[in-house]
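> The following block contains the structure, expressed as structure tokens.
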Amino acid sequence: MNNLQRYELDNGLRVFLSQNNGLHTFAANLSVNYGFFNTTNKENGLAHLIEHMISEGTSKLSKKSLRAQLDKNTTYWNAQTDDEFTSYDFKALSFDTAENLFYLIKEMVFDSNFPESSIISEKSAVINEVMENFGSDSTLEDAIAFGYLFKKEPSEFLGGNPRIVREFRRKNLMSSYLKYYSPQNSVLSVTGNFEGDKAKNMIKETFGSIDNFGKQPNLEVYLGKTPYREIDLKNFNPYKGQSHILIGMKIPGSKELYKKSETSRAGLQSMCTFLSNNLMEELRDKLGIVYDTGAEIDIGKYSGCITVYAQVKNEDLETGKKAIYRQIDRIINGEVTENTVENAKFNAKIYFQDIQDCTLDYASKISSSILKHGRSPGKLYKEYDLLDVDGLRAAGEYFRAPLAEDSVLLVSH
């Protein structure tokens, strides 16, 4: 395991360094604690549009100059808006470009000037992304489920409501940008092949010069509570003769889970893998009725969601639904063994070892882990060391309440 150095600049920016000179590249990720959950329905798409505008120029660099220098100093750069944060990724072949790259990151993230000339074109870019997501049935089904569970418009989880995005003005963007895009609301992660002391000095000199923007922003998180219901999406599935089943269950976020036990998050992750494997075994290997099936989980700081899905022939719809609930019942009833625990630990170990060898993914993972869970990937991995059968069964209890109180079933034909 790599040693992860962490420290905080005087202006509140949290910095994490994972040096591994056995790798050929280095990467940086700067993530801001501001995403879909921090916007109201009237601000639907605002976080996404701000993400697009960040690379449109700064008070010192025009868009053309900024883009040219980014292309010169990186092999890859991109950004994405998540439920609870916005992430900016950068990868380079050599640490020789680090000083220039750190300067560019600081300028674009903390000194964007949101030129009026770019707002119209970036609104169109955001809307085009949303419309592309509307064209993906699996993405749209997820968005409908999440929108129902979190009392937000489904379009939020597709990138924004086109009608609302069109109405945004520069003052709307600047208001949220100045409030949330501050050093003390951000995390910088640097991974891969670099010189530790040199990187520290560069980061302090570059990012330490940013004025403290004042108080830590008061993050408003907009979530809703919903009762179980079924949604029937007729004539929605483009595959003739097939039905898609999706069950969404809202679960507590890490802030609540860690009040219960240090293994709650790892236990839920393991239970979800256990469910996914069981579904594949029953629906595909035993019954032979499924085209695709599985279970996924995402736990943030404030809320989480489990989605279970299966695609079956129309005539096998009820059999598929019963099989899914049967496998969820197995989890609720605590049908796990020592072998289940050992598999969970083994898979976590392999995942953590693999991700450290990918500089870009690891930099992003460090930032998201800190913002979503308040701990590094290494500490998240160590939670699995503490797992036992009783802990895993206790985690299974989290499937019981949401299934009755905070869940949704979507069926598309």
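> For region 1-74, state the average projected area of the convex hull of the C-alpha atoms over all orientations, rounded to one decimal in nm².
Orientation-averaged projected area of the Cα hull: 7.9 nm².
> One quarter of the convex hull surface, Cα atoms only: what value does that give for region 229-412 in nm²?
Orientation-averaged projected area of the Cα hull: 11.0 nm².
> Using 24 Å as the Cα-Cα cut-off, could you pick out the over-long pairs in Lys151/Lys234; Lys63/Lys372; Lys123/Lys152; Lys322/Lys365?
Flagged as over cut-off: Lys63/Lys372; Lys322/Lys365.
> Out of Leu188, Cys358, Phe134, whose Cα points farthest toward the positive end of the dipole of the chain (charges: +1 Lys, Arg; -1 Asp, Glu; placed on Cβ)?
Leu188
> Using modelled amide H (1.01 Å from N, peptide plane; none on Pro or chain starts), what sits under 5 Å from the amide H of Asn20, excluding residues fewer than 5 places away?
Hits under the 5 Å cutoff: Gly192, Asn193, Phe194.
> Here's something else I'd like to know. I need Cys272, Cys358 ordered by Cβ neighbour count within 10 Å, fewest first.
Cys358, Cys272
> With an 8 Å cut-off on Cα pairs and a minimum separation of 6 or more residues, tell me the relative contact order of region 297-409 in percent.
Relative CO of region 297-409 lands at 36 percent.
> Now for a separate question. Return the single residue from Glu122, Glu335, Glu156 with maximal mean-square fluctuation; model: Gaussian network over the chain, springs between Cα atoms under 10 Å.
Most flexible of the set in this elastic network: Glu335.
> Could you tally the net charge around Gly35, taking each other residue with its Cβ under 9 Å from the Cβ of Gly35, Lys/Arg +1 and Asp/Glu -1?
With Lys, Arg at +1 and Asp, Glu at -1, the neighbours total -3.
> Apply the a/c threshold of 1.5 to the C-alpha gyration tensor of region 340-380 and tell me whether it is rounded, prolate or oblate.
Oblate.
> Would you compute the Debye intensity of region 4-207 from its alpha-carbon atoms alone, equal scatterers and no solvent, and pass along log10 I(q)/I(0) at q = 0.07 Å⁻¹ to two decimals?
Relative scattering, expressed as log10 I(q)/I(0), comes to -0.22.
> Cα axis of helix 264-279 to longest principal axis of the chain: angle in degrees, 0 to 90, nearest 10?
Taking Cα atoms only, the helix is inclined about 50 degrees.
> In nm², what is the average projected area of the convex hull enclosing the Cα atoms of region 310-413?
Over every viewing direction, the Cα hull of region 310-413 projects on average to 9.0 nm².
> Give me Glu84, Glu262, Glu282 sorted ascending by neighbouring Cβ count inside 10 Å, so fewest comes first.
Going from sparsest to densest Cβ surroundings: Glu262, Glu282, Glu84.
> Same structure, new question: Output the relative contact order of the chain, whole-number percent, from Cα pairs under 8 angstrom with separation of 6+ residues.
23 percent.
> Which entries in the list Lys42/Lys171; Lys259/Lys345; Lys72/Lys171 go over 26 Å, if you measure between the two C-alpha atoms of each?
Exceeds cut-off: Lys72/Lys171.
> Which distance in nm do the two modelled labels at Asn20 and Thr337 give, with both placed 7 Å along the Cα-to-Cβ direction?
3.4 nm
> Another question, then. Considering the dipole of the chain built from charges on the beta carbon (Lys and Arg +1, Asp and Glu -1) around the Cα centre, which of Asn333, Met280, Tyr148 is farthest to its positive end?
With unit charges placed on the Cβ atoms, the residue in question is Tyr148.
> Further question: Just going by the charge dipole of region 61-108, with Lys and Arg at +1 and Asp and Glu at -1 on Cβ, which of Tyr76, Leu61, Met108 is farthest out on the positive end?
Farthest towards the positive pole: Leu61.
> Specify the residue with the greatest mean-square fluctuation among Ile105, Ile164, Ile245, computed from a Gaussian network of the chain linking alpha-carbon atoms under 10 Å apart.
Ile164
> Can you tell me the dipole magnitude for region 1-157 around its Cα centre, using point charges on the Cβ only (Lys, Arg +1; Asp, Glu -1), in Debye to the nearest 20?
460 debye
> Roughly how many debye, to the nearest 20, is the charge dipole of the chain about its Cα centre, given +1 on each Lys and Arg Cβ, -1 on each Asp and Glu Cβ, and no other charges?
Rounded to the nearest 20 debye, it is 900 debye.
> For region 60-122 and region 238-298, compute the distance between their C-alpha centroids and round to whole Å.
36 Å
> How high is the relative contact order of region 4-207? Use alpha-carbon pairs under 8 Å, at least six apart in sequence, and give a whole percent.
So the answer I get is 38 percent.
> From the Cα gyration tensor of region 1-125, with a ≥ b ≥ c the square roots of its eigenvalues, which class applies: rounded if a/c is under 1.5, or else prolate if a/b is larger than b/c, or else oblate?
It is oblate, given that a/c is not under 1.5 and a/b is not larger than b/c.
> Continuing with this model, one more query. What trypsin sites (Lys or Arg not before Pro) does region 102-159 have in DSSP loop regions with at most 15 other beta carbons within 10 Å?
Lys151
> Here's something else I'd like to know. Determine, for Met53, Met271, Met174, the number of other Cβ atoms within 10 Å of each Cβ, and report the residues in order from fewest to most.
Ascending Cβ contact count within 10 Å gives the list Met174, Met53, Met271.
> On C-alpha positions alone, give me the angle between the axis of helix 63-73 and the longest principal axis of the chain, in degrees, nearest 10.
80 degrees
> Top mean-square fluctuation among Gly241, Gly378, Gly304, Gaussian network model of the chain, C-alpha springs under 10 Å?
Highest fluctuation of the listed residues: Gly241.
> With the cut-off at 1.5 for a/c, could you classify region 65-143 from its C-alpha gyration tensor as rounded, prolate or oblate?
Here region 65-143 falls in the prolate category.
Laboratory data are not the source of any read-out in this text; all were calculated from the coordinates shown. What you see is a predicted model; the values in this text were computed from it and never measured. All Cβ positions, even for glycine, are placed from backbone atoms using ideal geometry, and neighbour counts span all protein chains on display.
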